[in-house]
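Below: one structure, written as structure tokens.
The values are calculated or read from the model by the stated rules, or taken from the named source; none is laboratory data. Being a predicted model, the structure only gives us computed values, none of them experimental. Note: ideal-geometry Cβ built from the backbone for every residue, glycine included; neighbour counts use all protein chains shown. Areas reflect the complete protein model, heavy atoms only, side chains present, ligands, DNA and RNA absent. Shrake-Rupley method; radii C 1.70, N 1.55, O 1.52, S 1.80 Å.
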Amino acid sequence: MSISRRHFVVIGAGAAAGLTLDRQARAEVIERTTGSAADFAGRPVVIASANGIRGVARAYDMITKQNADTLDAIIAGVNIEELDPEDQFVGLGGLPNEEGVVELDASCMHGPTRRAGAVGAIQDIATPSNVAKAVMDYTDHVMLVGPGAKKFALQMGFKEQNLLTEKSRQDWLRWKACLNPNDNWLDNPGEAGGGRGEAGGGKTTAGSAVGYDHPLHVKFTTGTINMNAVNARGDVSSVTTTSGRSWKLPGRVGDSPIIGAGQYCDNTVGAAGSTGRGEANIKVCGAFLIVEFMRQGLTPEQACLRTIERVVAMTETRLLDRNGRPLFDLEFYALAKDGRIGAASAYEGGHFAVADASGARLVPMAFKYTKAERPVMPEISCRPA
């Protein structure tokens, strides 16, 4: 079927060709699914990971002042960071894979219509969240990946561009200049030079590591935005977008584009999502699990904490310290249909973004382990090549 036979709307360059459903048609679907606003009176709220603080403000204004659909609003919210070249966590300027190529992932769910869309390892398109929504709106599929996802995006009118900014390219070159023990390959203990510490991180001899203030110091990071929203009628939506782990193997996909892991929503219960080590979250289907815990009566915060416990229980020994605590970070975010919110991280000190009638702000997250219990994380260092 040729693209000319599809009905779609291409929004201007400022939104990087984001797509929206016809407002009247969407309203009719919502009306059939949830009833009139008089049937439910809740508290509009938008929550996100801390890096979504600008986005929750935009999304909340769109929902409350423009009567925007919750999914349209939160995608507009995450677009702020996706299109910001200074943000190296998502979209344009995201840190690349080990070959210097930026690969992006995203997924979204729309509570009222019970539909979802996702893209994985897509290149050269700055707003994967919009492409995920286009997959949801215009195909019979849920996920497209790699070259197929890019081909679809171009057919739908998205703009192709080089996502590797000079800032991120320089960081990649620093990483390439190092013999790095903390890359994404697991050493074979039986091979010469093999062997790992507790976290799978290599050891260097005294004086061989490059210090944090050395020009060869490189960034090792995961970067993600999860955003969830509910309006006054109780309609919920969720979206997660990311550039993934820096220096990852080409084709690596974390939890962000996986429905039920990186994000999930059920219009009868609420929505949830995550940031952090995606490999750990995939194994517990964290976002889905949080929503199911809320369905059973737990508060959003309680559901997030219970899911953190499940992650720890499912983590392999090489990623735990001697006390059984994770040697990585993972955060969960959740909101209920009635406007209750909550979030939790493995370790004390995290914050999440909230926008409601009191404005946009950062709020402390609940946690499983205190700062004093946080282990020394794997050393982030490298040796000159």
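Given a 1.4 Å probe and the protein chains all in place, what does the accessible area of M143 round to, in Å² to the nearest 10?
Its accessible surface works out to 80 Å², give or take rounding.
At 0.36 nm per residue, and after removing the present C-alpha to C-alpha distance, how many nm does the segment from S358 to K159 gain when stretched out fully?
Here the answer is 67.9 nm.
For the ranges 116-123, 58-65, what's the packing order if you count other beta-carbon atoms within 10 Å of each residue, average per peptide, and put the highest first?
Ranked from most to least packed, the peptides come out as 116-123, 58-65.
Taking the full set of protein chains and a 1.4 angstrom probe, give the accessible area of R361 in square angstrom, rounded to the nearest 10.
Result for R361: roughly 80 Å² accessible.
Take the alpha carbon gyration tensor of the range 287-372, find the square roots of its eigenvalues, order them as a ≥ b ≥ c, and report rounded if a/c is under 1.5; if not, report prolate when a/b exceeds b/c, else oblate.
Taking the square roots of the gyration eigenvalues as a ≥ b ≥ c, the range 287-372 is oblate.
Mind giving me the nanometre distance, one decimal, between the label points for L173 and N67, set 7 Å out from Cα along Cα→Cβ?
Each label point lies 7 Å from its Cα, and together they span 5.4 nm.
K248 accessible area, nearest 10 Å², 1.4 Å probe?
Answer for K248: close to 0 Å² accessible.
I need the Kirkwood Rh of the range 78-121: take the reciprocal of the average 1/r across all distinct C-alpha pairs and report it in angstrom.
When all Cα pairs of the range 78-121 are included, the Kirkwood radius is 11.7 Å.
What spacing in nm lies between the two simple spin-label points modelled at R318 and T299, each 7 Å away from Cα in the Cβ direction?
Simple spin-label model gives 3.9 nm for this pair.
Describe numerically, in nm with one decimal, the distance between label points set 7 Å from Cα along Cα→Cβ at T370 and at R114.
If labels sit at T370 and R114, their model points lie 4.7 nm apart.
Can you figure out the FRET efficiency of E309 with K151, using R₀ = 56 Å and their beta-carbon distance, to the nearest 0.05?
Between E309 and K151 the formula returns 0.85.
Given contacts defined as C-alpha pairs under 8 Å and at least six residues apart, what's the relative contact order of the range 261-317, whole-number percent?
It rounds to 33 percent for the range 261-317.
Provide, as a two-decimal number, the C-alpha radius of gyration of the range 228-349 over 2.2 N^0.38 Å, N being how many residues it has.
1.04
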